[in-house]
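I have placed the structure first, in the form of structure tokens, so that the comments after it can refer back to it.
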Amino acid sequence: MSEAPAKKKRKFELDPKLAGYKGVWVFVEHERGQVHPVSWELMGEGRKLADMLGVELAGVVLGAPGEQTRRFCNEAMYHGADLCYLMADEILKDYRNEPFTKGMTDLVNAYQPEILLLGATTQGRDLAGSVATTLQTGLTADCTALTIDPDNRSLAATRPTFGGSLLCTIVTLNYRPQMATVRPRVMSMAERDASRTGRVIEHPLGMLESRIITKVLEYIPDAMQDKPQLAFADIIVAGGRGMKKPENFQLIWDLAQVLGAEVGASRPVVQAGWVDLERQVGQSGKTVRPKLYIAAGISGAIQHRVGMDASDCIIAINNDPNAPIFDFATYGIVGNAMTILPALTEAFRQKLAMMKKAG
């Protein structure tokens with residue numbers, strides 16, 4: 001019986017009207033004088049994509065006129081951008097969807113980038129959806145990986161799907177720009193090089209305040225600012241349903257206290273009411289990138305993995321030697337977490353006490 005001939009991959013040809021779209025853009029998100037770290041994380045990823053395509057990387061800054069806004073342009077270049085598009089207008093002092101959407105779409109239509117990246121933050125998600133709709137292009141949300149398809153130079157954006165049980169790679173072929181949002185701490189941050197320089201291209205907003213429906217009446221600080229900040233923790237100790245019962249979860253808290261760490265959890269633990277939702281790590285929770293992630297009683301299903309597998313060092317504790325988490329953990333300990341955690345806590349306590357005494 002002869003083998004069926006291999007199917008030939010259909011050659012993709014970009015619409016000639018879109019051939020002029022060149023370059024990779026990163027939206028520089030800022031609020032109250034501070035740039036969100038995800039912007040610099042995306043700048044590092046954007047630099048890789050731009051180098052693969054042989055094009056320039058640009059930052060996009062929208063804000064009020066003044067030195068502070070211009071400083072963000074310089075920072076974009078320090079983090080890898082070749083140039084920065086600046087739209088400075090008093091209307092852009094605070095984020096509002098309508099003027100920011102107009103500003104971004106005007107810039108895209110004027111300078112035609114092939115890729116536009118934004119952070120999957122509250123602001124980034126709001127802006128990305130509106131811009132993609134206005135431009136009638138595709139948007140891949142909450143990506144965990146970005147690369148360039150070598151066959152057609154398209155952006156290949158990977159994200160979890162079906163509740164985090166699968167990863168799918170999406171391409172936006174005959175539409176430009178290709179847009180994607182990425183969660184904070186998914187990508188590694190670009191190295192800052194203050195010797196880098198680049199050009200700034202200014203573009204007017206051309207919008208009247210009287211034409212904007214929404215008004216900023218008051219700034220109210222984030223009510224979550226005193227809540228757990230897992231996305232920015234250097235050490236996280238997380239527990240899963242392998243901890244058996246809520247009383248045993250205290251062992252997670254004990255180790256975290258000794259290490260000065262944040263406490264994380266898998267979705268089943270949160271759904272069972274053992275800890276607050278703010279501590280959930282995974283596709284439907286927080287994405288984290290700590291220096292050390294200790295996972296006790298967590299199987300390592302893909303829904304949890306996509307939220308933490310970029311950690312520098314992962315220590316897994318599980319009594320099942322075939323648990324998926326051992327496939328990607330840096331170190332694995334097979335055993336009962338209720339026995340191992342107290343031993344680890346005491347060992348760290350003694351070691352840290354010795355270091356403090358010696359120092």
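The values are calculated or read from the model by the stated rules, or taken from the named source; none is laboratory data. Worth saying up front: this structure is predicted, and the values here are computed from it rather than measured. For neighbour counting, all protein chains shown are included, and Cβ atoms are generated from backbone atoms with ideal geometry for every residue, glycine included. Side chains are part of the model used for accessible areas, which takes the heavy atoms of the whole protein and leaves out ligands, DNA and RNA. Shrake-Rupley method; radii C 1.70, N 1.55, O 1.52, S 1.80 Å.
For the chain, what does the accessible surface come to per residue with a 1.4 Å probe? Please give it in Å². Numbers along the way, then the final one.
Values: 18430 Å² over 359 residues.
Per residue, the chain has an accessible area of 51 Å².
Charged neighbours of Arg185, selected by a Cβ distance under 14 Å, balance to -3 (K, R count +1; D, E count -1). Could you look at the chain and say what percent of its accessible area is carbon and sulfur, using a 1.4 Å probe and all protein chains? Within the chain, the accessible surface is 51 percent carbon and sulfur.
When the Cα atoms of the stretch 1-139 are aligned to their principal axes, the ranges along those axes come out at 73, 30, 27 Å in descending order. Val200 accessible area, nearest 10 Å², 1.4 Å probe? So the heavy atoms of Val200 present about 60 Å² to solvent. Recomputing Rg/Rh (Cα atoms, Kirkwood Rh) from the coordinates shown identifies the correct label among [x] 1.14; [y] 1.06; [z] 1.03 as [z]. Counted residue by residue at 0.36 nm each, then reduced by the alpha carbon distance between them, the extension gain from Ser195 to Cys168 reaches 5.8 nm.
Sparsely packed loop sites in the stretch 263-299 (the trypsin sites (Lys or Arg not before Pro) outside DSSP H, G, I, E and B with at most 12 other Cβ atoms within 10 Å) comprise Lys291.
Of the listed pairs Lys48/Lys356; Lys227/Lys351; Lys245/Lys356; Lys244/Lys356; Lys291/Lys356; Lys245/Lys357, which have alpha-carbon separations greater than 31 Å here? In this structure, Lys48/Lys356; Lys245/Lys356; Lys244/Lys356; Lys245/Lys357 exceed 31 Å between Cα atoms. The antiparallel fraction among DSSP beta bridges confined to the chain stands at about 20%.
For the chain, the relative contact order is 14 percent, taking Cα pairs closer than 8 Å that sit 6 or more residues apart in sequence and dividing their mean separation by the residue count. Restricting to the stretch 1-115, what percent of DSSP beta bridges are antiparallel, rounded to 5? Approximately 15 percent, going by the DSSP bridge assignments.
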